[in-house]
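Below you'll find the structure, written out as structure tokens, and then a few comments.
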Amino acid sequence: MTRWRINTPAEVNAMRSVIIVLSILLAAGTLFAADFIVLSEDQQAVIVYPNVSEGETEKAWQDLAKYLKLSTGRDFTAIPEREYQPAMGLPIYVGMSGPVKRELGIERYGLDRDAYVVIVREDAVMLAGASPWSDYWAVCQFLEDHVGVRWLIPGPLGEDVPSRDSIVVPEMRQIYSPAILSRLWSGVQYAGDWSLRQRIHARYAFHHNLINIFPRELFDEHPEYFPLHGDVRYQPGENDHGWQPCMSDPGGIEHAANAAREYFAANPRAESFSYGINDGHGYCDCEGCLAIHEPMEEWHGFSGERSVQYYTWLNAIA
């Protein structure tokens with residue numbers, strides 16, 4: 001049998017005291033929470049950007065000022081880091097300025113180049129990424145989460161900016177890293193800023209590119225780089241995609257490898273180089289190419305007719 005114990009008056013009073021103290025502490029915690037005031041009746045933040053800002057970083061602080069004004073009707077000052085003074089107002093840092101670098105420390109060196117941070121302290125907001133475009137995404141995240149801005153479809157019809165008299169943001173510190181490293185679909189370039197705001201960014205080149213690696217103008221000097229169709233060395237016409245280079249010629253293999261070397265030298269931030277085949281067939285039928293050609297069993301309507309030949313060629317380039 002369960003026995004119920006009746007508390008004495010002294011015990012009841014002690015419990016009441018504990019409850020009152022806990023309530024006071026909870027209220028104090030709420031009262032002194034480290035909120036950042038973007039805009040209130042008597043306070044307005046200042047946008048601070050790196051002394052050198054370009055590309056998406058420049059667009060980031062410009063759009064932050066633009067959408068804060070669309071939401072609040074107030075003009076927000078935006079100044080370079082070297083001109084900022086605390087008396088101007090609390091800072092919203094956009095991009096990897098000095099204070100952001102100090103806040104992140106060595107942690108910033110481990111960020112994926114598509115990653116970005118949103119840091120809110122009582123005395124500052126920090127919106128920055130590991131690249132200019134991720135600087136912009138940090139601003140998008142802030143506008144979406146704390147102002148309520150939405151870009152639902154491309155164009156002004158898909159834009160929604162709620163009206164606000166004040167904006168107060170709670171303390172937070174979040175690193176946003178992509179779950180999918182390369183994000184792209186065909187036609188994305190036609191959506192302009194909307195695609196950028198959706199964090200669409202391709203990292204791995206895969207498009208048809210052999211026509212650029214082996215331009216038709218190269219034929220006169222190196223016809224051996226081009227395919228043998230029957231007994232005839234094929235000379236591509238203008239805008240002709242219906243052919244593939246010879247995939248067994250040693251000189252052609254070296255030429256293809258050099259194309260990637262030159263590309264990475266000219267684009268040190270690039271992560272990949274495309275050896276995507278031309279948009280058609282027209283594979284080489286020379287003795288060397290046929291020697292590495294191994295027909296494959298059909299799979300869901302795809303024959304993989306020249307796959308072994310192609311991937312053997314890629315391995316030779318690598």
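Values in this text are rule-based calculations from the coordinates and carry no lab data. Since this is a predicted model, take the numbers as computed values, not measurements. Please note: Cβ atoms are built from the backbone with ideal geometry, for glycine as well, and neighbour counts cover all protein chains shown.
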Q. What spacing in nm lies between the two simple spin-label points modelled at Glu305 and Asp42, each 7 Å away from Cα in the Cβ direction?
A. 7.9 nm
Q) DSSP loop GluC sites (Glu not before Pro) in the range 158-249 with at most 15 other Cβ atoms within 10 Å of their Cβ, which ones? A) Glu171, Glu221, Glu238
Q | Answer label for P(r) over Cα pairs in 20 Å bins from 0, in percent (calculated), chosen among [x] 37, 60, 2; [y] 32, 55, 13, 0; [z] 24, 35, 27, 11, 4, 0 | A | [z]
Q) What are the lysines whose alpha-carbon lies under 25 Å from the alpha-carbon of Lys101, with same-chain residues fewer than 8 places away excluded? A) Lys59
Q) Put +1 on the Cβ of every Lys and Arg and -1 on every Asp and Glu Cβ in the chain; which of Val169, Val147, Ala270 then has its Cα farthest towards the positive end of the dipole? A) Val169
Q. For the residues Lys69, Lys59, what sequence is obtained by ranking on other C-beta atoms within 10 Å, fewest first?
A. Lys69, Lys59
Q. Per the helix-only calculation at 222 nm, which mean residue ellipticity applies to the chain, given -39500 (n - 2.57) for every DSSP H run of n ≥ 4 and division by its residues, nearest 500 deg cm²/dmol?
A. -10000 deg cm²/dmol
Q | Phi-based couplings in Hz for the range 168-178 (Karplus 6.51, -1.76, 1.60; Gly and Pro marked x) | A | 10, 10, x, 4, 6, 8, 9, 9, 10, 10, x
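Please state, rounded to one decimal and in Å, the Kirkwood hydrodynamic radius that the range 210-317 gives when every pair of distinct Cα atoms enters the mean of 1/r.
Details: mean 1/r = 0.0685 Å⁻¹.
This gives a value of 14.6 Å.
Between exposed chymotrypsin sites (Phe, Trp or Tyr not before Pro) in the chain, where DSSP calls loop and at most 13 other Cβ atoms lie within 10 Å, what's the longest gap?
On the way: sites that count: Trp4, Phe32, Trp185, Tyr204, Phe206.
Longest site-free region, per DSSP loop and neighbour criteria: 33-184.
Quick one: dipole size for the range 96-166, taken about the Cα centre, charges +1 on Lys/Arg Cβ and -1 on Asp/Glu Cβ, in debye to the nearest 20. Can you show the working numbers first?
Values: 7 positive and 12 negative charges, 46 e Å.
Here the size comes out at about 220 debye.
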Q: Quick one: what are the phi-derived ³J(HN,Hα) couplings along the range 145-155, Karplus 6.51/-1.76/1.60 with θ = phi - 60°, whole Hz, x for glycine and proline?
A: 7, 10, 10, x, 5, 9, 10, 7, 9, x, x
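Using the beta-carbon distance between Asp160 and Thr77 and R0 = 30 Å, what value does 1/(1 + (r/R0)^6) give for FRET efficiency, to the nearest 0.05? Could you put the intermediate results ahead of the total?
On the way: r = 25 Å, r/R0 = 0.85.
Efficiency, from the Cβ-Cβ distance: 0.75.
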Q) Using alpha carbons only, how many degrees (0 to 90, rounded to 10) separate the axis of helix 307-317 from the longest principal axis of the chain? A) 80 degrees
Q.
What do you get for the angle between helix 55-72 and the principal long axis of the chain? Use alpha-carbon atoms, 0 to 90 degrees, nearest ten.
A. 40 degrees
Q: Please report, in debye to the nearest 20, how large the charge dipole of the chain is about its Cα centre when each Lys and Arg carries +1 at its beta carbon and each Asp and Glu carries -1 there.
A: 1900 debye
(Q) Given R₀ = 45 Å, what would the calculated FRET efficiency be for Gln198 paired with Ile292, taking r from the Cβ atoms and rounding to 0.05? (A) 0.60
Q: List, in order, the whole-Hz ³J(HN,Hα) value for each residue of the range 283-289 obtained from phi through the Karplus relation with A = 6.51, B = -1.76, C = 1.60 and θ = phi - 60°; use x for Gly and Pro.
A: 6, 6, 10, 5, 4, x, 5
Q) Which order results if Met126, Met172 are arranged by neighbouring Cβ count within 10 Å, fewest first? A) Met172, Met126
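Looking at the range 251-318, which GluC sites (Glu not before Pro) are in a loop (DSSP not H, G, I, E or B) and have at most 15 other Cβ atoms within 10 Å?
Values: sites: Glu254, Glu262, Glu271, Glu287, Glu297, Glu298, Glu305; in loops: Glu271, Glu297, Glu298, Glu305.
Filter output for the range 251-318: Glu271, Glu297, Glu298, Glu305.
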Q. Which are the unpartnered cysteines of the chain, meaning those with no other cysteine Cβ under 4.7 Å from their Cβ?
A. Cys140, Cys286
Q) So what's the angle, to the nearest 10 degrees on a 0 to 90 scale, between helix 132-142 and the longest Cα principal axis of the chain? A) 40 degrees
Q | For Phe36, residues with placed amide H under 5 Å, excluding near neighbours | A | Val169, Glu171
